[in-house]
Structures are given as C-alpha cells and as structure tokens.
1. With surrounded by 14 or more Cβ atoms within 10 Å (Cβ to Cβ), hydroxyl-bearing (Ser, Thr, Tyr) and not in a helix (DSSP H, G or I) as the only criterion, which of Ser232, Ser268 stands out?
2. Kindly indicate which of Ser239, Ser149 is among the polar types (S, T, N, Q) and either open to solvent by 40 Å² or more (accessible area, probe 1.4 Å) or in contact (Cβ under 8 Å) with a residue 12 or more places away in the chain (or both).
3. Is there a residue in region 69-80 that is open to solvent by 30 Å² or more (accessible area, probe 1.4 Å), without any contact (Cβ under 8 Å) to a residue 24 or more places away in the chain and out of contact with any Phe, Trp or Tyr (no Cβ under 6 Å at 6 or more places or on another chain)?
4. When the residues of region 121-140 are narrowed to those that are open to solvent by 70 Å² or more (accessible area, probe 1.4 Å) and part of a loop (DSSP other than H, G, I, E, B), which ends up nearest to Asp32 (Cα to Cα)?
5. With Leu175, Leu159 as the choices, which residue is in contact with a helix residue (DSSP H, G or I) (Cβ under 8 Å, 6 or more places away or on another chain) and touching a residue at least 40 places away in the same chain (Cβ under 8 Å)?
6. Are any of the residues in region 141-153 closer than 26 Å to Ile265 by Cα, in contact with a strand residue (DSSP E or B) (Cβ under 8 Å, 6 or more places away or on another chain) and not aliphatic (A, V, I, L, M)?
7. Go through region 150-165 and give me each residue that's assigned to a helix (DSSP H, G or I) and touching a Ser or Thr at 6+ places or on another chain (Cβ under 9 Å).
8. Looking at Glu40, Glu56, can you tell me which residue is acidic (Asp, Glu) and surrounded by fewer than 18 Cβ atoms within 10 Å (Cβ to Cβ)?
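The values are calculated or read from the model by the stated rules, or taken from the named source; none is laboratory data. All values reported here derive from a predicted model rather than from experimental measurement. Every residue, glycine as well, gets a Cβ built from its backbone with ideal geometry; the counts of neighbours run over all protein chains shown. Keep in mind that these areas ignore ligands, DNA and RNA; they rest on the heavy atoms of the full protein, side chains included. Shrake-Rupley method; radii C 1.70, N 1.55, O 1.52, S 1.80 Å.
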Amino acid sequence: MFADAGYDVWLGNARGNTYSRQHKHIHPDTSDFWRFSWHEIGVYDLAAMLDYALEESNSSSLHFVAHSQGTTTFFVLMSTLPLYNEKVRSVHLLAPIAYMRNHSFILSKLGRIFLGSPSFLSSVLGSMELLPITGVQKLMCEHVCSEGSMFQFLCSGLLDFIGGWGTQHLNQTLLTDVCATHPAGASTSQIIHYLQLYTSGDFRQYDYGREQNEIIYQQATPPSYNVQNIKSCVDMYYSDNDYMSAVEDVEFLATLLPCAELYRIPYSDWNHYDFLWSSNVKEVINNKIIEKMLRYDLEHALDESF
C-alpha cells in the first residue's frame, strides 16, 4: 500500500532472525553471537538501517512505522541518540511497548519469578538462541495451519493465547504464511530484558546485576531511558485486548513524551497481532497512516516553497 502511494519502502530487520545471521566474524552457533538484547538492536541496528535507507535514497528523513519490539527499539534509539529524531518525519507505532507495569501475558507472570531479576538462572539462560525456524516447523505449517485443515484452530489459538483471546479479526488465510515465518529466532536476552521491565516497572537498560552494572554503567542499577529526548511527534495505535501492550502503559508513556497522539482501536477484541494480520487492517490502520504521511509531505512541501 505504501509503494502504491508512491513511497520507497524499506523493511527493517532484527539481528538473529532467519534473514540476519550472517555476521562477518561470529558464528550463530556460539553464545557470543546471541549476546544482545533489543537495546543493541535499537542503538546499533536501527540506527544503521535508518542511515542506510537515507543514504541510498538520497533523503534527509523518512516516515517510520513499527510494531511491538520495533517500537521498543525506536524508543531506545531516540532516547539514547536524540540526533536521530531529525531523521524521521511522521512516526506510527503499533502496539507500542516501553513501560510494562500492566502487562498481562500469563507466561510473563510466571517468567518474571525466575528471570525478572538478575540471577544465576538468568545468567545461564541469557545469550542463547530462542525459537529458530526449523524444517519440522515448516512441514507442520503446511498441514496444520493450511486453509481447510481441521487443526487450523490450533494456529489461531496460539496467536490468541499470546496476543489476546477472542479476536474476530484475524485473516485466517494468512496462517500458513505466518506459521512458516514465525517465530524467526531471537536471543533469550531479548525476552529476559522485557521480563526485567515487567518486574521493575521502569523502562531501562539491561540489568546484569549490581557487580556488572557498576562496571558497565558505573552505577548499581541500569540507567533509565530518557523518553523526554524523543522530540519526534509520535502516533501510537493501541487496543483493549492486547496482552503485550496494555492500555494503561501506552497512555502513561504518552504523558512522558513531548509530543504524542493516541489512537485507540474501536474494537474491544482487537489483539496484538491484529495490527499485522487483521482482515480489516487496511481500513482501521493502514489508510490512516498513509493519509497522515501524505498530509505531512504536502504541508512540508508547501512550507519549503515559501
């Protein structure tokens, strides 16, 4: 839809997934490869992606759209390296995640007990590969999630369990493709970092424990991200039935940002994955984003003409 509206479209990519395992020096079979969280994805990878896209397109700024962890990396980058605020025009964040005080995913409630604070277990389980795509998974997808399969409800049920029960918006015909590409591999440290946010109630860097924190941060606890540094005007799209991005957390974050506009999805059953795979995502979200982008470009083109 963005391409049809006349835009060059650049797709971001998180390190460690199916398409991002070709490190020049470190092999993905080693723990060194997986020693990262979404902090590194934000500060290093997202910064590199923005710079690359702008250089290749000979532009000074771009429109930015992200979902879930992609929004977290945006908050990390713009808080840590505020100069990057100048490189974005409009910003559209779907199911944004920073503060997680009201997070309601059931496995997170269990996980925070064991991994929500620095411990021997979190140090052992950190920096490992999590949920890579396998040949068995692809085979199962073809038979279990395919249209007409009597087991297709298992695929949609899994998305409901993670993202929010009861949605009537999921485009069932996409399930085979979703299953074939998700999950795509990540570092366990990414999950542990989120669990730490859930436990602390703060939006801050990775907690390595007091001793390591003193070495890395020169203080006992991890520094918080200063979201006041985010000068870009941010549009945040959120919903009532999202287990990952709670209404209260999004609205609290909006009070801390210098410029934020909220759009609450007008469906009580809209969940975390409907932002991506809803049958009516075009009307509910995509059209709104494109309209805002076009309006922004028109207004700024007029400004520059005077």
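1. The unique qualifying residue is Ser232.
2. Result of the check over Ser239, Ser149: Ser239.
3. Applying the first criterion (open to solvent by 30 Å² or more (accessible area, probe 1.4 Å)) to region 69-80 yields 69, 80.
From what's left, without any contact (Cβ under 8 Å) to a residue 24 or more places away in the chain: none.
Looking through region 69-80, none of the residues is open to solvent by 30 Å² or more (accessible area, probe 1.4 Å), without any contact (Cβ under 8 Å) to a residue 24 or more places away in the chain and out of contact with any Phe, Trp or Tyr (no Cβ under 6 Å at 6 or more places or on another chain).
4. Among those that are open to solvent by 70 Å² or more (accessible area, probe 1.4 Å) and part of a loop (DSSP other than H, G, I, E, B), it is Met128.
5. Just a single option satisfies the conditions, and that option is Leu159.
6. no
7. To start, the set of residues in region 150-165 that are assigned to a helix (DSSP H, G or I) comprises 152-163.
Within region 150-165, Gln152, Cys155, Ser156, Leu159, Asp160 qualify.
8. Glu56
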